[in-house]
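The block underneath contains the structure these notes are about, expressed in structure tokens.
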């Protein structure tokens, strides 16, 4: 099992630490709301991420047959949800009275619309794990491992949001617009892939 983890580790780390909807939302949530209020969306992302990894593990054999059609539908649903998040980010303000924090459920459901992590899971399971191990327990252990790697990327981006919180509060409008544009880019990339 350790050898398999080592084999997919580079792919998993690169995917986890590159910009994507999870990382942008994590950075935004903590930079705008701090750790106390941002923890809800981070927890939602973590729980949703694990659920998606487990679902992909459980249904990977069948899903592999339907990947083209599933991705075709999911990329449009995911893209629409990411655009909705981008609008939310662009319109928000960092003031203390701002009640528009991203919730646990928004972070949770982001994972089910996030084609990047679905393809991340399918790639790891079908390319690295299933050729060597096919037991359900083994797949679930790998689901936990790749979730931990993914969440480490989210926490890194969230930490960057906290470190630069005062700077970002001062320049919130250009920052929010930049983050919204990155999310729009992610949505467009999903549709074009």
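The values are calculated or read from the model by the stated rules, or taken from the named source; none is laboratory data. Bear in mind that the values here come from a model prediction, so they are computed numbers and not experimental data. Positions of Cβ are generated from backbone atoms using ideal geometry, with glycine treated the same way; all protein chains shown enter the neighbour counts.
When you scan the range 146-156, do you find a residue that is modelled with pLDDT under 85 and either over 24 Å from residue 191 (Cα atoms) or touching a helix residue (DSSP H, G or I) at 6+ places or on another chain (Cβ under 9 Å) (or both), even just one?
Among the residues of the range 146-156, not one is modelled with pLDDT under 85 and either over 24 Å from residue 191 (Cα atoms) or touching a helix residue (DSSP H, G or I) at 6+ places or on another chain (Cβ under 9 Å) (or both), which makes the answer no.
Anything in the range 121-130 that is over 9 Å from residue 56 (Cβ atoms) and surrounded by fewer than 24 Cβ atoms within 10 Å (Cβ to Cβ)? List them, or say none.
Passing the criteria: 123, 126, 127, 128, 130.
Scan the range 111-169 residue by residue and report those that are in a loop (DSSP other than H, G, I, E, B) and either under 14 Å from residue 25 (Cβ atoms) or in contact with a strand residue (DSSP E or B) (Cβ under 9 Å, 6 or more places away or on another chain) (or both).
Correct list: 113, 114.
Does the range 70-84 include one or more residues that are exposed (fewer than 15 other Cβ atoms within 10 Å of the Cβ), farther than 17 Å from residue 149 by Cβ, at pLDDT 85 or above and under 19 Å from the mean Cα position of the chain (by Cα)?
no
Taking the residues in the range 170-193 that are touching a helix residue (DSSP H, G or I) at 6+ places or on another chain (Cβ under 8 Å) and closer than 13 Å to residue 76 by Cα as candidates, determine which candidate is modelled with the lowest pLDDT.
193
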